[in-house]
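One structure is given here, and the rest of the page talks about it.
FYI, it's all coordinate maths here, none of it is from the lab. None of these values were measured; they are calculated from a predicted model. So basically every Cβ, Gly included, is an ideal-geometry build from the backbone, and we count neighbours across all protein chains shown.
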Ligand SMILES: [Fe+2]
């Protein structure tokens, strides 16, 4: 007999809690060691969003906030699969995303970057993975934007993602980057990830999903925490 | 060059290394809690795990999140998970005038003699990985005193996990750092 144990964060690829080059971590990262928790029902379960009626265009950010025309910028298709470390697909799980517009401006009221808002682009969406763990979004390639971390700091182009997975241990909030972005080498949020994990955050250009005369394709797969078996004691 | 009619697909990444976590950043609200922050997008969830108008036994949980200098954090996102009742809620600390998070929930019940608790997940700018903790309840003294998880926590830090009952609500403040740093769990 054996017991299923969900894996912890793999700190060989996960960022540390404190990364002083990303200055906001200095006053916000826990300083005391985490207490290892014996997993119980709470960790073996998580919210199920299957009952929600997603809007018709929730997965299509080029359409879900149109007022009087098409959003400006380069249309892209982002697709991929959600699996766990064991390679098992995660079906019917909620993926939420949010991002800046093509000029690098967020709709969020706190964002004061002096770049134009797009009246036809909100920059948020969501979908469920299908029975094979597959997802696909249509959106606009987000622009780079400045931030106050250090002099002349710019975030590389990125899309924020939130995933639930099969249970609370699977919960993941992350950012997807684009191949060849020259800002990656200067970004302390990206660089907080150990070198072994960095490639996992960069999407791949995907000609096979690129839609002729319409949108460029990118592939980004998510790998959530998996599990292993231990013998019953 | 051979004439390729089928375009080359990007190589899938199935299983293997975990996708690294990145911060939720400061601008999550219009995507993850749009109605709370008055954006024109429907929220999938909110801070009412139960409808307090329909559920007389609903409890209120309020709290603030403090940084290492004792300043209230106005851009945190808090999620609550009630495993037994399969209830979930989410609330950002940016809309309340005091920058509190506020939840309506059911008081959880003891399972297998464990002290009742709710799971709490915390996200914010300045956190590269979310933090996980639990809310226990001050009016469960006997169960708290014998709870396996609470006993695994150093005695002087246990109080950081216990919501204090005042009238009909519970207060659960979260300190990221300092003498009263909240206990966070590795799960
Ligand atoms: Fe961002």
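Of the residues making up the stretch B:125-142, those that are out of contact with any helix residue (DSSP H, G or I) (no Cβ under 9 Å at 6 or more places or on another chain) and more than 8 Å from chain A (Cβ to nearest Cβ) number 4. Candidates in the stretch A:183-233 are the residues that are part of a loop (DSSP other than H, G, I, E, B), touching a residue at least 12 places away in the same chain (Cβ under 8 Å) and more than 11 Å from every other protein chain (Cβ to nearest Cβ); of these, the one that is surrounded by the fewest Cβ atoms within 10 Å (Cβ to Cβ) is A:232. Of these, A:84, A:101, A:68, which one is under 17 Å from the mean Cα position of the chain (by Cα) and more than 16 Å from the ligand (Cβ to nearest atom)? Step by step, each of A:84, A:101, A:68 is checked, and only A:84 is under 17 Å from the mean Cα position of the chain (by Cα) and more than 16 Å from the ligand (Cβ to nearest atom).
Test residue B:88 against the stated conditions and say whether it is within 13 Å of chain A (Cβ to nearest Cβ), in contact with a strand residue (DSSP E or B) (Cβ under 8 Å, 6 or more places away or on another chain) and within 30 Å of residue A:216 (Cβ to Cβ). In short, no. In the set A:129, A:124, only one residue is in contact (Cβ under 8 Å) with a residue 24 or more places away in the chain, in contact with a helix residue (DSSP H, G or I) (Cβ under 7 Å, 6 or more places away or on another chain) and within 23 Å of residue A:202 (Cβ to Cβ); that residue is A:124.
The conditions of being more than 30 Å from residue A:190 (Cα to Cα), within 20 Å of the chain's Cα centre (by Cα) and more than 7 Å from chain A (Cβ to nearest Cβ) are met by residue B:97. If you check residue A:179 against the conditions, is it within 14 Å of the ligand (Cβ to nearest atom), in a loop (DSSP other than H, G, I, E, B) and under 19 Å from the mean Cα position of the chain (by Cα)? For residue A:179, the condition - within 14 Å of the ligand (Cβ to nearest atom), in a loop (DSSP other than H, G, I, E, B) and under 19 Å from the mean Cα position of the chain (by Cα) - is not met. Out of curiosity, is residue B:46 away from the ligand (no atom under 16 Å from the Cβ), out of contact with any helix residue (DSSP H, G or I) (no Cβ under 8 Å at 6 or more places or on another chain) and free of Cβ contacts under 8 Å to residues at least 12 places away in the same chain? For residue B:46, the condition - away from the ligand (no atom under 16 Å from the Cβ), out of contact with any helix residue (DSSP H, G or I) (no Cβ under 8 Å at 6 or more places or on another chain) and free of Cβ contacts under 8 Å to residues at least 12 places away in the same chain - is not met. So for the stretch A:103-116 (the condition being within 27 Å of residue A:215 (Cα to Cα), in contact with a strand residue (DSSP E or B) (Cβ under 6 Å, 6 or more places away or on another chain) and surrounded by 17 or more Cβ atoms within 10 Å (Cβ to Cβ)), does at least one residue qualify? Yes: the stretch A:103-116 contains one or more residues that are within 27 Å of residue A:215 (Cα to Cα), in contact with a strand residue (DSSP E or B) (Cβ under 6 Å, 6 or more places away or on another chain) and surrounded by 17 or more Cβ atoms within 10 Å (Cβ to Cβ).
Is it fair to say residue A:119 is part of a loop (DSSP other than H, G, I, E, B), more than 11 Å from every other protein chain (Cβ to nearest Cβ) and either over 15 Å from residue B:44 (Cβ atoms) or more than 16 Å from the ligand (Cβ to nearest atom) (or both)? Taking the combined requirement at face value, the residue satisfies it.
Put simply, of B:89, B:126, B:113, B:70 the only residue that is on the phi > 0 side of the Ramachandran plot and buried (at least 22 other Cβ atoms within 10 Å of the Cβ) is B:126.
Counting only residues that are touching a residue at least 60 places away in the same chain (Cβ under 8 Å) and facing chain A (nearest Cβ under 8 Å), the stretch B:151-183 holds 2 of them. Picking from residues in the stretch A:140-153 that are within 11 Å of the ligand (Cβ to nearest atom) and not in a loop (DSSP other than H, G, I, E, B), the one that is surrounded by the fewest Cβ atoms within 10 Å (Cβ to Cβ) is A:147.
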